[in-house]
Amino acid sequence: MTMHLTPDVLLRAYAIGVFPMAESRNDPNLFFVEPKKRGIIPLDDFHVPKSLRKTIRKGVFDIRTDTAFGAVIDGCAEATRDRPDTWINEEIRQLYAQLFEMGNAHSVETWRDGRLVGGLYGVSLGGAFFGESMFSRETNASKVALVRLVEILKAGGFGLLDTQFVTDHLCRFGAVEIDQAEYRKRLAKALTFVAEWRA
């Protein structure tokens, strides 16, 4: 059964700790997910590897925010050798585009020589930011975007960076796994914050 969502319903879902996915980018059906173990990056314990610090200091990439939201989703949805399929279907594209227009979704983009080479997008609600997906067409492009995201969240008074799941890639930045009850507690607290996207 296809589940058609509205942006408002989607925000209410995030507020109780669930998010939508599709089985594949060609599957029109959506379903809600609430992991028993949730990935987060504690903002105060964010770690930037030394080699990445060097890349950032060199200014290899031009970092922008909210200038190519649709293109970032497209980048996250595209097939690669390591990721032949994704969970981002057309309905997800449209829903998050609407959230972007409402000011509840944002992108952090890495550009090089006028080309979009990496980035990430996610949803902001109160003092919580829900990272949805990231992509990279050049080495370190998505990692640099993540570093910039954390800078923005800290500056804006956010209290929670939700990564949904934990990967080896995210562990290098300090991502940890917490159980549902602890996640709900942290989410409820973060939703009381008055945070601002200061890009």
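No value in this document is a laboratory result; all are computed from the given coordinates. None of the values given here were measured: they were computed from a predicted structure. Every residue, glycine among them, receives a Cβ derived from its backbone with ideal geometry; neighbour counts consider all protein chains shown.
Using +1 at the Cβ of each Lys and Arg and -1 at the Cβ of each Asp and Glu in the chain, identify which of L43, S133, F193 lies farthest towards the dipole's positive end.
Highest projection toward the positive end goes to L43.
Given +1 on the Cβ of Lys and Arg, -1 on the Cβ of Asp and Glu, and no further charges, what dipole in debye does the chain carry about its Cα centre, rounded to the nearest 20? Please list the in-between numbers first.
Working: 26 positive and 26 negative charges, 179 e Å.
Dipole about the Cα centre, nearest 20: 860 debye.
Go ahead and set up a Gaussian network model of the chain, Cα springs under 10 Å, then flag whichever of G118, G174, G127 fluctuates most.
With Cα springs under 10 Å in the chain, the top fluctuation among G118, G174, G127 is at G174.
Could you list H106, H47 in order of exposure, starting from the residue whose Cβ has the fewest other Cβ atoms within 10 Å?
Taking fewest neighbouring Cβ atoms as first place, the list is H47, H106.
Treat each spin label as a single point 7 Å out from the Cα along the C-beta direction, and report the A181 to E101 distance in nm.
4.3 nm
Once the Cβ-Cβ distance between D82 and N29 is put in as r, and R0 is 22 Å, what FRET efficiency do you end up with, to the nearest 0.05?
E between D82 and N29, to the nearest 0.05, is 0.35.
In nm, to one decimal, how far is the modelled label at K189 from the one at R93, with both set 7 Å along Cα→Cβ?
Distance between the two pseudo-spin positions: 3.9 nm.
When only DSSP loop residues count, what GluC sites (Glu not before Pro) in region 153-199 have their Cβ near at most 15 other Cβ atoms within 10 Å?
Those that pass, being in a loop and sparsely packed, are E196.
Return the aspartates and glutamates within reach of K189: Cα separation strictly under 20 angstrom, same-chain partners fewer than 8 residues apart disregarded; answer none if there are no such residues.
Partners within reach: E34, D44, D45, D162, E177, D179.
Most mobile of S142, S51, S107 per a Gaussian network model of the chain (Cα springs, under 10 Å)?
It is S51.
Among C171, G75, G59, whose Cα projects farthest towards the positive end of the dipole of region 7-190, with charges put on the beta-carbon of Lys, Arg (+1) and Asp, Glu (-1)?
Most positive-ward Cα: G59.
Which is the longest stretch in the chain that no exposed loop site breaks, taking sites as trypsin sites (Lys or Arg not before Pro) with a DSSP loop state and at most 12 other Cβ atoms within 10 Å?
82-199
Quick one: length gained pulling K154 to I16 fully straight, 0.36 nm per residue minus the C-alpha distance?
47.4 nm
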